[in-house]
Amino acid sequence: MDLYGFYTGTNFNAYEYLGAHRQNGGYVFRVFAPAAKKISLLGDFNEWEETEMNRVNDGNFFELFIPNAKSGMKYLYRIYHSYGGYTDHCDIYGYGMELRPDFKSVVTDLSEYKFKDKKWMRQRTDCRNKPLNIYELHLGSWRRKEDNSWYRYNEIADMLIDYVKGAGYNYIEFMPLLEHPSDNSWGYQNTGFFSPTSRYGTAAQLMELIDKCHQNGIGVIMDFVPVHFAVDGYGIKDFDGTPLYEYPHSDVGVSEWGSCNFMHSRGEVRSFLQSCAAYWLKVFHFDGLRMDAVSRIIYWQGDESRGENGQGVNFIKMMNKGLKEMFPDCMLIAEDSTSYPKVTKPVDEGGLGFDYKWDMGFMNDTLNYFKTAPKYRTDNYHMLTFSMMYYYNESYMLPFSHDENVHGKATILQKMNGSYEDKFPQAKAMYLYMYIHPGKKLNFMGGEFGQLREWDEKREQDWDMLKYPKHDSFFSFMKQLNKLYLTHSALYERDYDRSGFGWIDCGNIQNCIYAIERKSENETVIGIFNFSDMKKSYSLRRYEEYTAKLLINTDWNEFGGNTPHNAKIDLTDITLPEFSAIMVQVSINEDLIGI
């Protein structure tokens, strides 16, 4: 390993040196712990008796070759402190770990699984000019076995792929799959940054899941947490008896979640995190990383009033630049609610180097609008137009994520104002607005069939809801909307080009009516929305010379509405039932040109 690069924070493959690696019929173990007095290795291979490791390189690394170590054996490091005593640690560069509450690392041979996704890997892109419709899910609570236990990665693969394809999504985003001790952290407080969580199986089984997704035309993104880590004593905290990866002072060293903040100014920390990101993209063939809580790296503790963390910003830039050079066809996605500029501009142009940024403003404004009683929506009319005032500042993704379905916030469907019956037509119209609005799409599991109960990581989604006609018809609507999005280029091709979007009507305040036009090279699609609780008549005279093809109507019978599917569309005389929307493909009528 390039020690200079490791210490200066330019290394992206430290995982190939540190950790446990097959060598000469056995395994060599290496660990970085500069302040340690000594380190012993204990494992199945030495009957858990201490075997002292050797100092190597500049004396900050420890190494030991075990000729009889085999894949599947468990081990840990006993790190002796300079001030006395010791702590048993997992291997923070280890490729496998035990299921909580146990914490030993597991010797893992990553070459055991052979990918068969060459075609996908050759053709994949960052989807900038292509459809990107993401189904976000928590693997342990999407579906469970009859005894409420988890499916293994490879066991759930086929049913997940069939469902996602049938529902009209082309990408899956998994909430963090890195090893974590607490189920209710959802994977956002990690101990094993290079270990797939053993809740759902082994590294090889996760590879099989991703491989199968790729062979079925589905991309896979994973949540990645480069901000903080779990405080469990066997993990990263005080790893060599000193704060090696975290800040030494609690005022900046402890996050709002009670976890330890990474000290991004240290080269060893940068190399650790950059290598981790590269590891998941290269070894597991993930197609992108959604980086959690980016604002907590940009600003001290995520608080703009405390000022910019210059070293943190520099870390993001250098990591993203390196990752895009190594994996130009992968996606780097920022969860960032701040107005920090140029988050999605390339680093060479002064940006942070992300491909996409979550549009939290769109999410908050849209959901707040639909929480509002219809009689007050005239006062809040421009909540739905404001997003386009800033939209072209960044390359945005529109998220209705897990965060909007938990902690007393209510699920997306429950957020809709009014009675149970009124929630469905409003949600359908809102989702149609989301899908015609520029920006890539992300929706959390359960939203597609109108989940009513807030998400709980301890139980699977309420699939029984599909027995009820309103939920079943809502799911039918979402499937058709998703498939329209994937097949109509006007809805995605020019997401970040001003020529791809236009307001037809964004001033019809008293009627709560909006009209939007989307264009690609080959087609034009318009959406017309009535978000009031009264039936409205509407006319688009500007399209008199156009032929109109109705793509979807939220009020169709098959979606639980009152309009027959075969009803004709006349853009000069449109009837919009309460809480409804339509999407229409229009083309110039050649017979009327010149008349």
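Please treat every number below as a calculation from the coordinates, not as lab data. Please read these numbers as outputs of a predicted model, since none were measured by experiment. Glycine gets a Cβ as well: all are built from the backbone with ideal geometry, and neighbour counts include every protein chain shown.
Structure notes:
- Counting neighbouring Cβ atoms within 10 Å and putting the fewest first, the residues Ser337, Ser532 line up as Ser337, Ser532.
- Taking 30 Å as the limit for the C-alpha separation, the pairs Lys212/Lys415; Lys119/Lys440; Lys409/Lys479; Lys345/Lys409; Lys467/Lys519 exceed it in the case of Lys212/Lys415; Lys345/Lys409; Lys467/Lys519.
- Alpha carbon centroid spacing (whole Å) that separates the range 347-391 from the range 187-222: 32
- Cut-off under 5 Å, modelled amide H: who pairs with Thr524 long-range: Val586
- Interchain or long-range residues, amide H under 5 Å from Lys357's placed H: Ala334, Ser395, Tyr396, Met397
- Taking only the Cα atoms of the range 237-287, the ratio Rg/Rh comes out at 1.08, with Rh defined as the Kirkwood radius.
- Alpha-carbon spread of the range 143-281, three principal axes, descending order, Å: 50, 32, 25
- As a length-normalised measure over Cα pairs under 8 Å and 6 or more apart, the relative contact order of the chain settles at 11 percent.
- For the range 223-244 versus the range 441-461, the spacing of their alpha-carbon centroids is 31 Å.
- Legend: Rg and Dmax of the range 3-112, from Cα coordinates, 13.6, 42 Å.
- Spatial extent of the chain: Rg and Dmax, with the Cα atoms as the point set, Å: 26.2, 94
- Rounded to whole Hz, the Karplus (6.51, -1.76, 1.60) HN-Hα couplings of the range 301-311, x for glycine and proline: 6, x, 9, 4, 5, 8, x, 6, 8, x, 5
- Debye log10 I(q)/I(0) at q = 0.08, 0.10, 0.16 Å⁻¹ for the range 399-556, Cα point scatterers: -0.26, -0.41, -1.00
- Convex hull volume of the C-alpha atoms in the range 498-592, normalised per residue: 104 Å³.
- Between the range 501-533 and the range 57-74, the alpha-carbon center distance in angstrom: 63
- Residue-count net charge about Ser387 - beta-carbon cut-off 12 Å; Lys, Arg +1, Asp, Glu -1: -3
- Between helix 267-283 and the chain there is an angle of about 60 degrees, using the helix long axis and the longest principal axis of the Cα atoms.
- Positive-end ranking of Phe354, Asn314, Ser182 along the dipole of the chain, with charges on Cβ about the Cα centre, is headed by Phe354.
- Computed from phi, the 3J(HN,Hα) profile of the range 135-147 under the Karplus parametrisation 6.51, -1.76, 1.60 (θ = phi - 60°) reads 9, 8, 8, 9, 4, x, 10, 6, 9, 10, 6, 4, 8 Hz, with x in place of Gly and Pro.
- Across the range 325-333, computed HN-Hα scalar couplings (Karplus, 6.51 cos²θ - 1.76 cosθ + 1.60, θ = phi - 60°) run 5, 7, 9, x, 9, 9, 10, 10, 10 Hz from first to last residue, x flagging Gly and Pro.
- Equivalent ellipsoid semi-axes, the range 288-370, via Cα gyration tensor eigenvalues times 5, rooted, Å: 22, 17, 10
- Sequence-separation-based contact order of the range 159-209, relative, with Cα cut under 8 Å and 6+ spacing, percent: 24
- Highest mean first, the peptides 293-299, 412-418 sorted by other C-beta atoms within 10 Å per residue fall in the order 293-299, 412-418.
- Distances between placed amide hydrogens fall under 5 Å for His228 paired with Phe262, all partners being 5 or more residues away or on another chain.
- Pairwise inverse Cα distances across the range 418-463, averaged and inverted, put the Kirkwood hydrodynamic radius at 12.3 Å.
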